[in-house]
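> Please read through the structure below; I'll follow up with questions.
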Amino acid sequence: MILSKCADDLLNYGILKENITVYNMHEKIDNINEYDAIYVCGGSTRYLLKRMNKINFKYTLYNFIENGGIYIGASAGTVAASVTYENGLTVENSYEVMAAHLKQ
């Protein structure tokens, strides 16, 4: 299962299991601002974006990044954030916000 592989990736990097929360992209995701970072893993980029757009995750994500949150994408999770991918998350404008936040 993809989700368990993604969790395994994080565990292999030393993230403790109790610090990992897995979300279902079939349900609205509101409160990610309590986390320092989110990790969006691979699969089908089209399917991932379809699910993200269906639950309006783009705006939740923008808010998260503007508040200093870190977006980490792997494979489709990276492509989904791209400004060049059709209907992508286009988080490039958020990089300026992140850079300003890091300078503080």
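The values are calculated or read from the model by the stated rules, or taken from the named source; none is laboratory data. All figures in this text were calculated on a predicted structure; none of them were measured in a lab. No Cβ is skipped: glycine too gets one built from the backbone with ideal geometry, and neighbour counts run over all protein chains shown.
> Among residues belonging to segment 24-47 that are among the hydrophobic types (A, V, I, L, M, F, W, C) and modelled with pLDDT of 85 or more, point out the one that is surrounded by the fewest Cβ atoms within 10 Å (Cβ to Cβ).
By that ranking, first place goes to A37.
> Exactly one condition in (1) modelled with pLDDT under 90; (2) surrounded by 16 or more Cβ atoms within 10 Å (Cβ to Cβ); (3) of a type in the set (A, V, I, L, M) is not met by A99; state its number.
If we test A99 against (1) modelled with pLDDT under 90; (2) surrounded by 16 or more Cβ atoms within 10 Å (Cβ to Cβ); (3) of a type in the set (A, V, I, L, M), just (2) comes out false.
> Still on this structure, please answer the following. Report whether or not Y39 is under 21 Å from I65 (Cα atoms) and in contact with a strand residue (DSSP E or B) (Cβ under 8 Å, 6 or more places away or on another chain).
yes
> Can we say N67 is surrounded by fewer than 12 Cβ atoms within 10 Å (Cβ to Cβ), at pLDDT 85 or above and of a type in the set (S, T, N, Q)?
So N67 fits the description; yes.
> Oh, and also: Would you mind telling me which numbered condition in (1) surrounded by 14 or more Cβ atoms within 10 Å (Cβ to Cβ); (2) at pLDDT 85 or above; (3) polar (S, T, N, Q) T21 fails?
T21 satisfies all of (1) surrounded by 14 or more Cβ atoms within 10 Å (Cβ to Cβ); (2) at pLDDT 85 or above; (3) polar (S, T, N, Q) except (1).
> Could you list, in sequence order, the residues of segment 11-32 that are touching a residue at least 24 places away in the same chain (Cβ under 8 Å) and either hydroxyl-bearing (S, T, Y) or touching a Lys or Arg at 6+ places or on another chain (Cβ under 9 Å) (or both)?
Across segment 11-32, the qualifying residues are M25, H26.
> Consider T78 against the criteria (1) of a type in the set (S, T, Y); (2) surrounded by fewer than 18 Cβ atoms within 10 Å (Cβ to Cβ); (3) modelled with pLDDT under 80: it satisfies all of them except one. Which criterion is unmet?
(3)
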